[in-house]
1. With every protein chain left in place, what is the accessible area per residue of the range 342-397 in square angstrom, probe 1.4 Å?
2. List the residues, sorted by chain then number, that are 5 or more residues from GLY102 or on another chain and whose placed amide H is less than 5 Å from its amide H.
3. Kirkwood Rh, Cα Rg: Rg to Rh for the range 351-413?
4. Give a quick list of chymotrypsin sites (Phe, Trp or Tyr not before Pro) in the range 37-92 that DSSP marks as loop, anything other than H, G, I, E or B, with at most 13 other Cβ atoms within 10 Å.
5. Helix-derived [θ] at 222 nm for the chain: sum -39500 (n - 2.57) over DSSP H runs of at least 4, divide by residue count, nearest 500?
6. Could you look at the chain and say what percent of its accessible area is carbon and sulfur, using a 1.4 Å probe and all protein chains?
7. When the expected Rg is taken as 2.2 N^0.38 Å, what fraction or multiple of it is the alpha-carbon Rg of the chain?
8. Once the dipole of the chain is set up with Lys and Arg at +1 and Asp and Glu at -1 on Cβ about the Cα centre, which of PRO45, GLN391, GLN354 lies farthest towards its positive end?
Amino acid sequence: MDTSEAKPAASNPAVAGNSGLEDRFGLHQRYPTIAYLRAAARRRPPAFAFEYMDGGAGEDGGISRNWAALAAVELVPRYGVMTELPPIDTELFGHRYAAPFGVAPMGGPAFVWPGADEYLARASQAANVPYVLGTPGGMTIERACELAGDVCWFQLYRFPRDDHAVGKDMVRRAAAAGTRALVITLDTPVRTTRPREVVAGIRSPFRPDLRMAIDVMLHPGWLVAMMRHGIPRFAMLRPYAGENASLEQVMRFVRQEMRGAFSWEEVARYRDLWKGPLVLKGILHPEDAERAVEVGADAIVVSNHGGRQVEALPAAIDALPAVAARVGGRATVMMDSGIRSGADVARALALGAQATFAGKAFLWGLGALGSRGPAHVIDILVEETRAALGQIGARRPAEARNVVIRHPGALRF
Ligand SMILES: Cc1cc2nc3c(=O)[nH]c(=O)nc-3n(C[C@H](O)[C@H](O)[C@H](O)COP(=O)(O)O)c2cc1C
């Protein structure tokens, strides 16, 4: 287990933002919050890329519920204790990270901006925050760990054929590459369609049409990046789809082989196989959190998959307090779905999370700023998290839990 020293956020060039006096590229002036990045991400890449990064299930109801539920959480500050901005370094599984948030696992970020996987991994390493490579990510776990080093985690989806041969091989590779934690995603029992993607022409089998080609031509920055990095091909999955498999062949492989949700019995088998920290992602019910603890998980992520599955699910932040109470310190509790600011991170910490993840916020950063996006998102979240905790009188992340909270949407089970 790693015990290396944290690189403090403030001394890291990737996160020397508002608090540091320099704003070398003027990024803070133009994009002071993640909302500004989202607005720019709508313009800079082709339209289908924005629909991919931004769209949710159904009418985006799950996404707006996550945002509204987070916005409804009020933290009542106490004054007279803080004299300066608090440190926000956070220990997870024996490693001290610079901040209580990381990059959520995502398939296909290279469609948002070619080369995105590498940019996310490098920025995470530079800032010392967790980076999770998704199973359908655009690079191999070997490359991810080379770039992200001691902050590299791996997320696994389910490939049941031949007694989970593919999943087992990926876990073996993840271990050999030095992955810090294995994240098993539980919350995709069904494959759902996101209407905005369908209308934008993102479907499987993938057939780029004339409209897409014109769209790409009208976005030369993206096109140049694509020519530099090549067509994204789901590098982690590619070897299993056949030697030199085309994008279409990999997508067919995913359609046929990646299916269903892990049963608890299957999770238990992966628990035996994987010796490092095991994280179960996608939990919304305290009973499932209980099962996760029983099966030997080291951590859970309370999540509704960022509103990308079925839009009837509750906001993750609303499920968080009951789930955290049930876990009762027996495992690390983390949360994602809807995090767009340091105030959101503080809300999650106050309601029982030890750490959070963001997905779309990083994609908006990539869409707006390409290679510079991920570092700027980290920079914004670091500064805002410190400010939010300082404002409520929390001298470190765990103290956020001491504040008085109004949480109208809190679920009771
Ligand atoms: C484009 C996109 C692709 C995603 N792909 C995966 C994936 O491959 N595996 C996974 O566990 N979660 C995946 N997620 C869900 C994220 O890990 C995370 O739960 C979610 O994005 C958090 O919500 P937020 O986007 O509001 O921050 C994806 C999310 C997005 C936006």
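The values are calculated or read from the model by the stated rules, or taken from the named source; none is laboratory data. Please read all numbers here as calculations on a predicted model, not as lab measurements. Cβ atoms come from the backbone with ideal geometry, glycine included; neighbour counts cover every protein chain shown. The protein model used for the area step is the full one, side chains on, heavy atoms only, and it has no ligands, DNA or RNA in it. Shrake-Rupley method; radii C 1.70, N 1.55, O 1.52, S 1.80 Å.
1. On a per-residue basis, the range 342-397 sits at 20 Å².
2. THR356, PHE357, ALA358
3. On the Cα set of the range 351-413, Rg over Rh gives 1.08.
4. Hits after loop and neighbour filter: TYR79.
5. Theoretical 222 nm ellipticity from helices: -12500 deg cm²/dmol.
6. Reported share for carbon and sulfur atoms: 54 percent.
7. Here the answer is 0.92, to two decimals.
8. PRO45
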